[in-house]
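Trainee: I have a structure here, written as structure tokens, and I will follow up with some questions on it.
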Amino acid sequence: MLNIAEALKLVLDHATPLPAVPTPLGDARGRVLAESIVSDIDSPPHDKSIVDGYAVIAADTADLPTELTILEEITAGAVPTRTVDPGWATRIMTGAPVPPGADAIVMVEQTELAGEHVRIVGRSAKTGQNIVRRGASLTRGQTVLQTGKLIRPIELGLLAEVGRTTVSAIATPKVAVLVTGNELVAPSETPGPGQIRNSNSSLLCGLAEQASGGDVSNLGIARDNTAELERAIHAGLSHDVLILSGGVSAGVLDLVPKVLTQLGVAEVFHKVNLKPGKPLWFGVCRHTPNNQTLVFGLPGNPVSSLVCFELFVRPAIQMLRGLPPTGLRQAAAKLTCDHQQRGERPTYWPSSVNGETVTPLSWKGSGDLRSLTDANCLALFPAEERIFHAGEVISVLLLEA
């Protein structure tokens, strides 16, 4: 049976970034740039004032107080029409161009208005004071964003500043979620004998939207019969990633692996030395040399599905998006209490981390979704039969909000 690292390597060996596509700026947040971005302008486009005040010649303020004659007023969006000569000043607003001749800006708080004159009463100005020079932020022809950069709202603003309304960016992965099982009913229904509500569609679609950027299809429930599974899985194979939940263990109605094989999905591995999540199935369906579907068969219990998603599916989706396949952020924390680890599989235990400490929750097993709602991390207990004592440092996987 594969260990976690071996299984993850196999997943990532089959995951490659999706092709780049032209992407409107409004759709680019969360995408990864597939081109370098070059500025078509200087920014700022002129020497500009960073305060409201008066544009002056610094030498005129050497002996204070002093009065200077006001030439004109420049607001943001306007341009100066007169040159500042000795003994003169121009009233200027934040962001406006510095007029010719001026080499400093005196803040309005350091002045007194006297008709057509301004009285400078603060400290003497220094050359360059309160002025940002043309091109201080970026210059025409400068590469301002590199290929591989994640486009956040900050980058959206910069792209707009340099006039890019469309960029080449890695496509958003298309993810499909399909849950299987005769026992499942919709959340709106009251379960009958032997039935449970379908919680995994909501859980996995939420995780997939969080990880992929939002292009997720909920394929609903497929019953445990070959014909229905074939129809539903065939629809899912038109996506970049197909996430199945249930039907991958060793029960009489665990038909998913067989149906996947019949539909041309090549198994890469089945089962990982992990708790919860041992029955994980992973395979690849190649449509063309440059087009494939990564298929994950997750165990049906919700906590098992969550653990497998975070360990294997999230890194794969990150890889498809052109991001480093790091998965969730990991940290180290001290146990606040003793914890008994049993069994020969490494265990990811729902826990609560607070600063540098972590407390394992009273978790009732892989079907206990209620306890999971109190968790903000998964604590990793290595495969060994022993008590982990309070104060010991362990690794935790920090769950995203």
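Trainee: Taking the Cα centre of each part, how many Å lie between region 223-278 and region 2-25?
Mentor: 20
Trainee: What does the charge add up to near Ala208, with Lys and Arg as +1, Asp and Glu as -1, over the other residues with Cβ less than 15 Å from its Cβ? Walk me through the intermediate numbers first.
Mentor: Values: positive: Lys174, Arg314, Arg321; negative: Glu209, Asp215, Asp240, Glu310, Glu400.
Residues near Ala208 contribute -2 overall.
Trainee: Give the long-range amide H neighbours of Leu2: residues separated by 5 or more places, or on another chain, with amide H under 5 Å away, using H modelled in the peptide plane at 1.01 Å from N.
Mentor: Under 5 Å from the amide H of Leu2 lie the amide H atoms of Asn273, each far enough along the sequence or on another chain.
Trainee: Which parts of region 151-165 would a label at Thr326 reach, counting a residue when its backbone N lies under 18 Å from a point 7 Å out along Cα-to-Cβ?
Mentor: Counting only backbone N, you get 151-155.
Trainee: Figure the gain on full extension for Asn354 and Thr288 (residue separation times 0.36 nm, minus the Cα-Cα span) and round it to one decimal in nm.
Mentor: 19.0 nm
Trainee: A follow-up question, please. So, for region 236-320, what is the accessible surface per residue at a probe of 1.4 Å, expressed in square angstrom?
Mentor: That works out to 32 Å² for each residue.
Trainee: Next up: Tell me the label-point distance for the pair Leu380, Glu392, using the 7 Å Cα-to-Cβ offset, in nm and rounded to one decimal.
Mentor: 1.5
Trainee: Now for a separate question. Enumerate the calculated ³J(HN,Hα) couplings along region 208-216 in order (Karplus 6.51 cos²θ - 1.76 cosθ + 1.60, θ = phi - 60°), each rounded to whole Hz, writing x wherever the residue is Gly or Pro.
Mentor: Here the 3J(HN,Hα) series is 5, 4, 4, 7, 9, x, x, 8, 10 Hz.
Trainee: To continue, here is another question. Can you tell me which lysines have their Cα less than 23 Å from the Cα of Lys174? Leave out same-chain residues fewer than eight positions away.
Mentor: The qualifying lysines are Lys9, Lys149.
Trainee: Further, regarding this structure: Of (1) 45; (2) 58; (3) 61, which one was derived for percent of Cα pairs over 28 Å apart from the structure shown?
Mentor: (3)
Trainee: Under 5 Å between amide H atoms, partner at least 5 residues away or on a different chain: which partners does Ala222 have, H built in plane at 1.01 Å?
Mentor: For Ala222, the qualifying residues are Val179, Thr180, Gly181.
Trainee: Then there's this: Based solely on its DSSP helices, what 222 nm [θ] is calculated for the chain when runs of n ≥ 4 H residues each add -39,500 (n - 2.57) and the sum is averaged over all residues, nearest 500 deg cm²/dmol?
Mentor: Using -39500 (n - 2.57) per qualifying helix, the result is -4500 deg cm²/dmol.
Trainee: If you don't mind, there's one more thing I want to ask. Express as a percent, rounded to the nearest 5, the fraction of DSSP beta bridges in region 180-296 (both residues included) that run antiparallel.
Mentor: 60
Trainee: Take the Cα of Val108, step 7 Å along the line toward its Cβ, and report every residue of region 52-74 whose backbone nitrogen sits under 14 Å from that point.
Mentor: Output list for this probe position: 52-55, 73-74.
Trainee: Still on this structure, please answer the following. Out of all DSSP beta bridges in region 239-384, what portion is antiparallel? Express it as a percent rounded to 5.
Mentor: Counting DSSP beta bridges with both partners in region 239-384, the antiparallel share is about 70 percent.
Trainee: Right, another one. Amide H neighbours of Leu71 under 5 Å, counting only residues 5+ apart in sequence or on other chains, H built in-plane at 1.01 Å?
Mentor: Amide H neighbours of Leu71, under 5 Å, 5+ apart: Ala89, Thr90, Arg91.
Trainee: I would also like to ask the following. Can you check what the net charge comes to around Tyr348, using other residues whose Cβ is under 11 Å from the Cβ of Tyr348 (Lys, Arg +1; Asp, Glu -1)?
Mentor: Around Tyr348, the surrounding residues sum to +1.
Trainee: Next up: Which of rounded, prolate, oblate describes region 203-295, given a ≥ b ≥ c as roots of the alpha-carbon gyration tensor eigenvalues and a/c under 1.5 marking rounded, otherwise prolate only if a/b is larger than b/c?
Mentor: Rounded.
Trainee: Probe radius 1.4 Å, ligands and nucleic acids ignored: give me the carbon and sulfur share of the accessible area of region 1-85 as a rounded percent.
Mentor: 53
Trainee: For the pair Lys364 and Val185, what calculated FRET efficiency results from E = 1/(1 + (r/R0)^6), where r is the Cβ-Cβ distance and R0 = 25 Å, to the nearest 0.05?
Mentor: E between Val185 and Lys364, to the nearest 0.05, is 0.70.
Trainee: State whether region 190-344 is rounded, prolate or oblate according to the following rule on the C-alpha gyration tensor (a ≥ b ≥ c being the square roots of its eigenvalues): a/c under 1.5 gives rounded; otherwise a/b larger than b/c gives prolate, and the remaining case gives oblate.
Mentor: Details: a/c = 1.63, a/b = 1.20, b/c = 1.36.
The shape class here is oblate.
Trainee: How many percent of the accessible area of region 110-193 is carbon or sulfur, using a 1.4 Å probe?
Mentor: 50
Trainee: Something else now. List the lysines whose alpha-carbon lies under 24 Å from that of Lys48, not counting same-chain residues fewer than 8 positions away?
Mentor: Leaving aside lysines fewer than 8 places away in the same chain, those within reach of Lys48 are Lys126.
The values are calculated or read from the model by the stated rules, or taken from the named source; none is laboratory data. Everything numeric in this text was worked out from a predicted model, so none of it was measured. So basically every Cβ, Gly included, is an ideal-geometry build from the backbone, and we count neighbours across all protein chains shown. Calculation scope for accessible area: heavy atoms of the full protein, side chains included, ligands and nucleic acids excluded. Shrake-Rupley method; radii C 1.70, N 1.55, O 1.52, S 1.80 Å.
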